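The structure appears right after this line, and notes come after that.
Every number in this text was worked out from the coordinates using simple rules, so none of it is lab data. The structure displayed is predicted, hence computed values, not measured ones. Cβ: placed from backbone, ideal geometry, glycine included. Neighbour counts: every protein chain shown.
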Amino acid sequence: MPMAEINPIVVSDSAYDELEQYLRDSAFTNCAVVSDQQTHAAAGAEVAARARAAGLAVRDIVLEPGEVVADEVRLIEILRQTNPDDELFIAAGSGTITDMTRFVSFKLGVPFVSCPTAASVDGFTSIGAPLVLKGIKQTLISQPPLAMFAHTHVLCEAPPEMTAAGYGDIIGKITSLADWKIGRLLWNEPYDESIAERTQRAIDACVKHRHEIGTRTAAGVEILMHALVESGLCLVDFGESRPASGAEHHLSHFWEMQLLRDGRPAILHGAKVGVATVMIAQLYERIAAIPREGLAERLAGVHLPSRSSEKDAIHSAYGSYAEQLVQGSEFIDFDQEKVREVRELIVKQWSEIHDIAAAVPKAREVAELLRDADAPTTASDLGLSAELENAAYRYAHYLRNRFTSVKLARFLGIHS
Ligand SMILES: [Zn+2]
């Protein structure tokens, strides 16, 4: 497994001193600092001043006012302000600014440094750039930053809902990990125990300090940022997002796509993930309650939808994106042989499956963990209708070929 070499990773009140020293010691002679109106004021201006103090020629690329979505318009806005002699980009912003800078710098063949302004997502130390292209969210593999300098005070001063979203993204790993274990048992998905343990430790640290995260003390926010960094590194080390993304992320992506389609404003990634984690925890409660006795009969009695009805469902839920999903799906071409195989595996592995499901905190407990850190817990908290909530259960799993709790629930005949 390739280890991410992001060096240094600094989360402290002296982060910008270290950034200045880092640039002074480097061979870079010029750079561009990318930010938006808010993050320029919060950090970008200071970061640029530090880069100048270190002797670099610095250009500010500050996005025009308005909602910042990582789409073609904003990418071009950044791209047209780049210069052929740019040697380094510095992203001073949250996830969106970082992902666009990651992508643009990667395509220009130059490195970037990340200066996060909020502990809002686990993507800072990652390689993927989630972008919205032609209205469809897709994650393009780009590059990790050379180094990361997160200033604690800046993180603490970020809008509270962004910190709550970062915490929601970490709470989501509870069900991502459970789903990963299910995928390993039933779909032979690659699994790495040490990566799972690292992710679990990141969750445990945040749960333990949730009240400090909720009140955004320096200690709490630093613990959260370290957990997000670790989660990002885990997926770089593993080579894909499996350790950090299960059914709860699919639900979140589904909502995001529906909001885009309807032209509604975006909702923070981690806020959606947290709410979806409560929903998936509830699914695990129902899975854990299924008795071993009569399991084979139960499975045999569940009628799985035919290929054509699956295709219809995908088309009704995804519109123009549907064909892409149908083409890429391993799950709608299930023949009877494959269905039998999975059913047999479920029976054979039931005690392990039961233990995985029973180890997931109950939905009410997950909601409490979120509430303790002031994060939203229900779809209606996010302004999402009951219809969208149910649709996510039904259709979100088509987004990825992974075998998650939602796919298992279909085999078990559990309906939302
Ligand atoms: Zn996430």
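The figures follow:
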item	result
Contact order normalised by residue count of the stretch 9-158, Cα under 8 Å, 6+ apart, percent	27
Of LYS362/LYS407; LYS107/LYS173; LYS338/LYS407, pairs whose Cα-Cα distance is over 24 Å	LYS107/LYS173
Where a label projected 7 Å from the Cα of VAL347 along Cα→Cβ would reach, residues of the stretch 387-416 with amide N under 19 Å	408-414
Under 5 Å, built H, 5+ apart or other chain: amide partners of ASP36	LEU63
Selection from VAL113, PRO65, GLN37, by position along the positive dipole direction of the stretch 1-119 (Cβ)	VAL113
Sequence-distant residues sharing a close amide H with ARG59 (under 5 Å, placed H)	CYS31, ALA32, VAL33
Theoretical gain in end-to-end length, GLU387 to HIS153 [0.36 nm per residue, Cα-Cα removed]	80.2 nm
Computed magnitude of the charge dipole of the chain (debye, nearest 20; Cβ of K, R +1, Cβ of D, E -1)	920
Protection-proxy order for peptides 14-27, 120-133, 98-111, each taking the mean of Cβ atoms within 10 Å per residue, highest first	120-133, 98-111, 14-27
Residue among THR378, SER309, HIS269 farthest towards the positive dipole end of the stretch 163-411, charges placed on Cβ	SER309
Local electrostatic count at ILE182 - Lys and Arg +1, Asp and Glu -1, tallied over other residues with Cβ under 10 Å	+1
Of the DSSP H helices in the chain, those whose Cα atoms cover at least 20 Å axially and whose Kyte score averages -0.5 or more	193-208, 218-238, 269-288
Over the chain: Rg over Rh, Cα atoms, Kirkwood Rh	0.99
Nearest-20 debye value, the stretch 163-411 charge dipole, Cβ charges on Lys, Arg, Asp, Glu	300
Values of log10 I(q)/I(0), in the order q = 0.07 Å⁻¹, for the stretch 163-411 under a Debye, Cα-only, solvent-free model	-0.23
Karplus 3J(HN,Hα) series, Hz, for the stretch 129-140 with 6.51 cos²θ - 1.76 cosθ + 1.60 (x for Gly, Pro)	10, x, 10, 9, 10, 6, x, 10, 7, 9, 9, 9
Distant-in-sequence amide H partners of GLY128 (H built 1.01 Å from N, under 5 Å)	SER142
Net charge of Cβ neighbours under 11 Å - reference LEU268; Lys, Arg +1; Asp, Glu -1	-2
The chain, relative contact order [Cα under 8 Å, separation at least 6], %	17
Pairwise label distance in nanometres, THR217 with GLU240, each label 7 Å out on the Cα-Cβ vector	4.1
